[in-house]
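Remarks on the structure that follows.
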Amino acid sequence: MSLFIIKNMHIEGANAIAGFTYGFPAITQFLGFVHALSRKVEPQHGISFDGCAVMCHQHQVHAYRGSDWDDYGFALTRNPLAKDGKTAPIVEEGKMNLCVSLLIECKGFSGGNSDQEQLISDAIKTLALSQRCAGGRITHIEICQFKPMPNEASDCRKLLRPLLPGFILCDRSDYLQQHNESNDQNMIMNWLDFSALRYRYTTLSDSVAAEPGQWERVNKPQSGYLVPLMIGYKQISDVFAAGEVANVRDNTTPFAFTEAVYSVGEWIGSPSRVESINQILWHYQYSSPYYLCRAQQSIHSIESNEDFDFSY
């Protein structure tokens, strides 16, 4: 097993909104890109792609505000007038430009011949440029190359350092699960504890009379650059036969209604904090009724009951 690295992939018009979250595409969209690329590569070269790690180098959300105190608004396109001369209706969409590097788990590549390896890398790069990623258009890829899978922590750091500067998105679902177990408030409030800025007013004494006090910031349950993250879907209906539900995109595949599942992620900027490549590689994990993206070293067993529920 090896890694295929797509370094400095520039994407224009990517989705900046994923469910309730804002500012970066959902991890499902990057794994979807890898899956679509694997379906094109495997018939030609016998190579399949599985897990994926994401490092973000730069991002720019298409939003603006008039002053430091105003709310942000999306910078939308101005469409041509309709036939009647009136402004054409539009659907507001949050878009962004970003530059990321992907470390993709690769199976079926033997290596050994540098010329053949370069030819395969160039062919995969061409296929990647023809796709869309996170709803955006890929405009440039600096380099694509195969690397051996690192086994030691030192090898993992050597692999990541040439990709800097950037931040790696890691799975921190274990933080949310621990917080849910130790806190009696509802799950969505526990989830917001990792992202919301909260202040508490405390008096300077325990006297019953009104006393002057001060506002104190409430610390987050864990330290680190933690962000809310959409990690998959939960099935909320029975599975319908192909073609039974109207207006679906694929009439040849069984269909079920789902809702988004949210968790917590962490941006890590130092490769020295990564002890194993499995800490940053996201994989699909399916256990009915959940279809999630998780990191291997953060995976917990998911049972089909109400005691373990990420969804809100």
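The values are calculated or read from the model by the stated rules, or taken from the named source; none is laboratory data. Note that the coordinates shown come from a computational prediction; the quantities given were computed from them, not determined experimentally. We place every Cβ from the backbone using ideal geometry, glycine too, and count neighbours over all the protein chains shown. Keep in mind that these areas ignore ligands, DNA and RNA; they rest on the heavy atoms of the full protein, side chains included. Shrake-Rupley method; radii C 1.70, N 1.55, O 1.52, S 1.80 Å.
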Name every residue in region 194-206 that is open to solvent by less than 50 Å² (accessible area, probe 1.4 Å) and among the polar types (S, T, N, Q), in order of residue number. S195, T202, S205
Quick one: would you say V218 is more than 25 Å from the chain's Cα centre (by Cα) and surrounded by 14 or more Cβ atoms within 10 Å (Cβ to Cβ)? no
Within region 82-98, can you find the residues that are within 25 Å of A14 (Cα to Cα) and either open to solvent by 100 Å² or more (accessible area, probe 1.4 Å) or in contact (Cβ under 8 Å) with a residue 60 or more places away in the chain (or both)? P89, V91, E92, E93, G94, K95, M96, N97, L98
Checking the structure you have, find out if any residue of region 186-193 is surrounded by 12 or more Cβ atoms within 10 Å (Cβ to Cβ), in a loop (DSSP other than H, G, I, E, B) and in contact (Cβ under 8 Å) with a residue 24 or more places away in the chain. yes
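Only residues that are hydroxyl-bearing (S, T, Y) and part of a strand (DSSP E or B): list them for region 80-108, please.
Passing the criteria: only S101.
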Checked region 55-65 for anything at pLDDT 95 or above and open to solvent by less than 40 Å² (accessible area, probe 1.4 Å); matches are M55, C56
From G13, G19, G46, G32, which residue is at pLDDT 90 or above and on the phi > 0 side of the Ramachandran plot? G13
Give the residue, chosen from G51, G111, that is assigned to a loop (DSSP other than H, G, I, E, B), in contact (Cβ under 8 Å) with a residue 40 or more places away in the chain and surrounded by 10 or more Cβ atoms within 10 Å (Cβ to Cβ). G111
Does G136 fit the bill of being open to solvent by less than 60 Å² (accessible area, probe 1.4 Å), at pLDDT 90 or above and not charged (D, E, K, R)? yes
Picking from I168, I143, which residue would you name as being touching a strand residue (DSSP E or B) at 6+ places or on another chain (Cβ under 7 Å), within 29 Å of H62 (Cα to Cα) and surrounded by fewer than 19 Cβ atoms within 10 Å (Cβ to Cβ)? I143
Counting only residues that are surrounded by fewer than 16 Cβ atoms within 10 Å (Cβ to Cβ) and either among the basic types (K, R) or in contact (Cβ under 8 Å) with a residue 40 or more places away in the chain (or both), how many does region 263-272 have? 2
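Residue by residue, here is whether (1) more than 22 Å from D50 (Cα to Cα); (2) surrounded by fewer than 17 Cβ atoms within 10 Å (Cβ to Cβ); (3) not β-branched (V, I, T) holds:
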{"residue": "A242", "(1), (2), (3)": "yes, yes, yes"}
{"residue": "V248", "(1), (2), (3)": "yes, yes, no"}
{"residue": "P254", "(1), (2), (3)": "yes, yes, yes"}
{"residue": "T258", "(1), (2), (3)": "yes, yes, no"}
{"residue": "V261", "(1), (2), (3)": "no, no, no"}
{"residue": "N278", "(1), (2), (3)": "no, no, yes"}
{"residue": "Q285", "(1), (2), (3)": "no, no, yes"}
Pairing a residue in region 223-243 that is over 30 Å from C170 (Cα atoms) with any residue that is part of a loop (DSSP other than H, G, I, E, B) and among the hydrophobic types (A, V, I, L, M, F, W, C), where Cβ atoms lie under 6 Å and the two sit 6 or more apart in sequence or on different chains, gives S237/A256; S237/F257; V239/A256
Which condition does Y175 not pass, out of (1) in a loop (DSSP other than H, G, I, E, B); (2) closer than 25 Å to A16 by Cα; (3) in contact with a strand residue (DSSP E or B) (Cβ under 9 Å, 6 or more places away or on another chain), if it passes all the others? (1)
Run G232 past the list (1) open to solvent by less than 90 Å² (accessible area, probe 1.4 Å); (2) touching an Asp or Glu at 6+ places or on another chain (Cβ under 8 Å) and report the number of the one that doesn't hold. (2)
Of the candidates E306, E266, the one satisfying the condition of being modelled with pLDDT under 90 and of a type in the set (D, E) is E306
